[in-house]
Amino acid sequence: MQEVEISPRLAGPNARLIGKPGGLLELTTPALVLDLDAFERNIRAYQHQVNLHGLQARPHAKSHKCGEIARHQIAAGAVGVCTASLHEAEAMVGHGINNILITSPVIGSGKLDRLLQLLDCGVSVAVVVDDHEHAASMAAAARRSGHVLDVLIDVDLGMGRTGVSNIESALQLVNVVCDAEGVSYRGIQAYSGRVQHIEEFAERDHIYTGQLRFLSELIAALDKRGLKPATVTGGGTGTLALDCREGILTEHQAGSYIFMDVEYGAVTLRVNDGDAAFATSLFLHSTVISKNVPGRVTIDAGLKSFATDGPLPRVRAGAPVGTTYSFFGDEHGCLTFPTPTDCLPLGSIVAFVTPHCDPTINLHDYLHVVRNNTIVDIWRIAGRGVL
């Protein structure tokens, strides 16, 4: 990796540790740590898998919100990235990423003005629509600004969150987009979020292939009317093997594969050894700050450090085997040891596998990038937040 000089103001309180042997043990915590070797292997494995099956990679930046990671993904062969929000898209543009699909509807005049400003900068940005009124407002705004906005029809595969849910509604919306000046019909998006974390492969296969049959029927109906989508984008880490097998998508949107977490650690991703396997690369390091109660200690990572929408963090290193974590407040966590006589000294560093990587990333400003136990770089999580 090319060495760059980083301002401590931009790299946070651990900037002094970059390149320092043993610096990983001196981290100011709580701190997210990225194992660079595992991260790079994950990117290579994913890109190889999608290439092998004729897909284009458009990984989802909602998982990392980090310009440096997006650049790594594009350098490996991705055509661009997805973002879940306009805010994330702006963060990616700020780091030189110029091919973006925003996968949630962009609603509201303020956001629409910001979207058009990205087009003014020459960035290739595509959006999704699932409503006639929304499509018309998008077209009118783009027309007034002198731009043509690339649009994909968002299709609901059963989650009920966004997207049109039947073929007739999808056909009508495609007609609206095709007839409107200021927007250009580029294809469809079809993402099934709920199936991604179904743990057993056979159950996930059964549910998801049923959803994909609906998608195939929609594509056939569009093709019959001369509207076959040039782009069919969707999929995720949990459905990668199925998406490659079924051959319906043209673009793949996996996000968590670069990091992995406790949730995905419970999911059987592969049906055979020929499919891509991913290693955990993202960890949260924390420090023991109190040890006054026998059999347990308090650490400095609590509700403000970990996502709370899934399983608990899992101890990876730094504590006795069998140690469990529980939340102990906003700033605190509790480690309970397998035996009452176990203890850890004050200042001990304990590493965790994150429970759910995406919302955990959103709680932090920096990724501390490590190779061979040395911090080699610190990357800003520029797209964290919501606005």
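The values are calculated or read from the model by the stated rules, or taken from the named source; none is laboratory data. Note that the structure is predicted; figures quoted are calculated from it, not measured. Because the Cβ atoms are built from the backbone with ideal geometry, glycine has one as well, and the counts that use them run over all protein chains shown. We work out accessible area using only protein heavy atoms, side chains counted, and drop any ligands, DNA or RNA first. Shrake-Rupley method; radii C 1.70, N 1.55, O 1.52, S 1.80 Å.
Quick one: what pairs do we get from region 335-348, first residue farther than 18 Å from Thr28 by Cβ and in a loop (DSSP other than H, G, I, E, B), second open to solvent by 40 Å² or more (accessible area, probe 1.4 Å) and β-branched (Val, Ile, Thr), C-beta under 9 Å, 6+ apart or different chains?
Short answer, once both residue conditions are applied: Phe337/Thr324; Pro338/Val321; Pro338/Thr324.
Residue check: is Thr29 touching a residue at least 40 places away in the same chain (Cβ under 8 Å) and under 15 Å from the mean Cα position of the chain (by Cα)?
Details: touching a residue at least 40 places away in the same chain (Cβ under 8 Å): yes; under 15 Å from the mean Cα position of the chain (by Cα): no.
Against the criterion (touching a residue at least 40 places away in the same chain (Cβ under 8 Å) and under 15 Å from the mean Cα position of the chain (by Cα)), Thr29 does not qualify.
Residue pairs, Cβ under 6 Å, 6 or more apart or interchain, first in region 102-119 and over 14 Å from Asp131 (Cβ atoms) and part of a helix (DSSP H, G or I), second small (Gly, Ala, Ser) and open to solvent by 20 Å² or more (accessible area, probe 1.4 Å). List them.
Pairs found: Leu116/Ser145.
Restricting attention to region 77-91, and to residues there that are assigned to a helix (DSSP H, G or I) and more than 12 Å from the chain's Cα centre (by Cα), which single residue is surrounded by the most Cβ atoms within 10 Å (Cβ to Cβ)? Before the answer, list the steps.
The initial filter retains those residues of region 77-91 that are assigned to a helix (DSSP H, G or I), namely 86-91.
Those still in the list that are more than 12 Å from the chain's Cα centre (by Cα) too: 86-87, 89-91.
Numbers: Leu86: 23, His87: 19, Ala89: 26, Glu90: 19, Ala91: 23.
Restricting to residues being assigned to a helix (DSSP H, G or I) and more than 12 Å from the chain's Cα centre (by Cα), the top hit is Ala89.
Between residues in region 227-241 that are assigned to a helix (DSSP H, G or I) and residues that are open to solvent by less than 10 Å² (accessible area, probe 1.4 Å) and among the aromatic types (Phe, Trp, Tyr), which pairs lie under 6 Å by C-beta distance while being six or more apart or on different chains?
Within 6 Å, the pairs are Thr237/Tyr257; Thr239/Tyr208.
Please enumerate the residues belonging to region 295-308 that are open to solvent by 60 Å² or more (accessible area, probe 1.4 Å) and closer than 21 Å to Leu367 by Cα. Give the derivation first.
Going through region 295-308, the residues open to solvent by 60 Å² or more (accessible area, probe 1.4 Å) turn out to be 296, 303-304, 308.
Matches in region 295-308: Leu303, Lys304, Thr308.
With respect to Ile188, determine if the residue is within 15 Å of Asp154 (Cβ to Cβ) and outside any helix (DSSP H, G or I). Can you show your working first?
On the way: within 15 Å of Asp154 (Cβ to Cβ): yes; outside any helix (DSSP H, G or I): yes.
Judged against the criteria, Ile188 is a match.
Find all pairs meeting these conditions: Cβ atoms under 7 angstrom apart; at least six residues apart or on different chains; first residue within region 39-56 and hydroxyl-bearing (Ser, Thr, Tyr); second residue crowded, with 16+ Cβ neighbours inside 10 Å and part of a helix (DSSP H, G or I).
Pairs found: Tyr46/Tyr257.
Answer yes or no: is there a residue in region 225-241 that is hydroxyl-bearing (Ser, Thr, Tyr), out of contact with any Leu (no Cβ under 8 Å at 6 or more places or on another chain) and surrounded by 22 or more Cβ atoms within 10 Å (Cβ to Cβ). Lay out the reasoning, then the answer.
Restricting attention to region 225-241, the residues satisfying the condition of being hydroxyl-bearing (Ser, Thr, Tyr) are 231, 233, 237, 239.
Going one step further and asking which of them are out of contact with any Leu (no Cβ under 8 Å at 6 or more places or on another chain), we end up with 239.
In the following step, the residues that additionally are surrounded by 22 or more Cβ atoms within 10 Å (Cβ to Cβ) were identified as 239.
So far as region 225-241 goes, yes, one or more of its residues are hydroxyl-bearing (Ser, Thr, Tyr), out of contact with any Leu (no Cβ under 8 Å at 6 or more places or on another chain) and surrounded by 22 or more Cβ atoms within 10 Å (Cβ to Cβ).
Within region 120-135, work out how many residues are open to solvent by less than 60 Å² (accessible area, probe 1.4 Å), not in a helix (DSSP H, G or I) and not β-branched (Val, Ile, Thr).
Qualifying residue count for the region: 3.
Just the residues that are in a loop (DSSP other than H, G, I, E, B) and out of contact with any Phe, Trp or Tyr (no Cβ under 9 Å at 6 or more places or on another chain), please, taken from region 278-293. If you could, list the steps in order and put the result at the bottom.
As a first pass, look at region 278-293 and keep what is in a loop (DSSP other than H, G, I, E, B): 278-281, 291-293.
Of everything in region 278-293, those that are in a loop (DSSP other than H, G, I, E, B) and out of contact with any Phe, Trp or Tyr (no Cβ under 9 Å at 6 or more places or on another chain) turn out to be Lys291, Asn292, Val293.
Run Phe327 past the list (1) surrounded by fewer than 20 Cβ atoms within 10 Å (Cβ to Cβ); (2) farther than 30 Å from Ala254 by Cβ and report the number of the one that doesn't hold.
It is condition (2) that Phe327 fails.
Quick test of your reading of the structure: Ala70 fulfils all but one of (1) out of contact with any helix residue (DSSP H, G or I) (no Cβ under 7 Å at 6 or more places or on another chain); (2) under 28 Å from Ala351 (Cβ atoms). Name the failing condition by number.
(1)
Could you list, in sequence order, the residues of region 92-101 that are in a strand (DSSP E or B) and open to solvent by less than 40 Å² (accessible area, probe 1.4 Å)? Before the answer, list the steps.
Taking region 92-101 and keeping what is in a strand (DSSP E or B), we get 99-101.
The answer is Ile100, Leu101.
Given the criterion exposed (fewer than 15 other Cβ atoms within 10 Å of the Cβ), farther than 30 Å from Val148 by Cβ and not hydrophobic (A, V, I, L, M, F, W, C), identify the matching residue among Glu200, Glu168, Glu181.
Values: Glu168 fails: farther than 30 Å from Val148 by Cβ; Glu181 fails: farther than 30 Å from Val148 by Cβ.
So the residue among Glu200, Glu168, Glu181 that is exposed (fewer than 15 other Cβ atoms within 10 Å of the Cβ), farther than 30 Å from Val148 by Cβ and not hydrophobic (A, V, I, L, M, F, W, C) is Glu200.
Considering region 330-347 alone, what residues qualify as being of a type in the set (A, V, I, L, M, F, W, C), open to solvent by less than 60 Å² (accessible area, probe 1.4 Å) and farther than 25 Å from Met260 by Cβ?
Of all residues in region 330-347, those of a type in the set (A, V, I, L, M, F, W, C) come to 334-335, 337, 343-344, 346.
Those still in the list that are open to solvent by less than 60 Å² (accessible area, probe 1.4 Å) too: 334-335, 337, 344.
Once the filter is applied, which keeps residues that are of a type in the set (A, V, I, L, M, F, W, C), open to solvent by less than 60 Å² (accessible area, probe 1.4 Å) and farther than 25 Å from Met260 by Cβ, region 330-347 yields Phe337, Leu344.
Quick one: how many residues across region 365-384 are closer than 18 Å to Ser85 by Cβ and open to solvent by 30 Å² or more (accessible area, probe 1.4 Å)?
At the first step, the residues of region 365-384 found to be closer than 18 Å to Ser85 by Cβ are 365, 380-384.
Next cut, open to solvent by 30 Å² or more (accessible area, probe 1.4 Å) only: 365, 380, 382, 384.
Result for region 365-384: 4.
Mind checking which residues of region 44-74 are assigned to a helix (DSSP H, G or I), of a type in the set (A, V, I, L, M, F, W, C) and open to solvent by 10 Å² or more (accessible area, probe 1.4 Å)?
Within region 44-74, the subset assigned to a helix (DSSP H, G or I) is 44-52, 67-74.
Now drop any that are not of a type in the set (A, V, I, L, M, F, W, C), which leaves 45, 50, 52, 69-70, 74.
If the condition is that a residue be assigned to a helix (DSSP H, G or I), of a type in the set (A, V, I, L, M, F, W, C) and open to solvent by 10 Å² or more (accessible area, probe 1.4 Å), then Ala45, Leu52, Ile74 are the ones that fit.
With the requirement that a residue be open to solvent by 80 Å² or more (accessible area, probe 1.4 Å), assigned to a helix (DSSP H, G or I) and at pLDDT below 95, what does region 1-42 give you?
Within region 1-42, Pro8, Arg9, Leu25 meet the criteria.
Taking region 257-294 only, how many residues are in contact (Cβ under 8 Å) with a residue 24 or more places away in the chain, open to solvent by 10 Å² or more (accessible area, probe 1.4 Å) and of a type in the set (Gly, Ala, Ser)?
6
Here's a check for you: in region 102-111, which residue that is of a type in the set (Ser, Thr, Tyr) and within 20 Å of Gly187 (Cα to Cα) is most open to solvent (accessible area, probe 1.4 Å)? I'd like the intermediate steps shown before the answer.
Applying the first criterion (of a type in the set (Ser, Thr, Tyr)) to region 102-111 yields 103-104, 109.
Now restrict to residues that are within 20 Å of Gly187 (Cα to Cα): 103-104.
Details: Thr103: 16, Ser104: 44 Å².
Ranking the qualifying residues of region 102-111, first place goes to Ser104.
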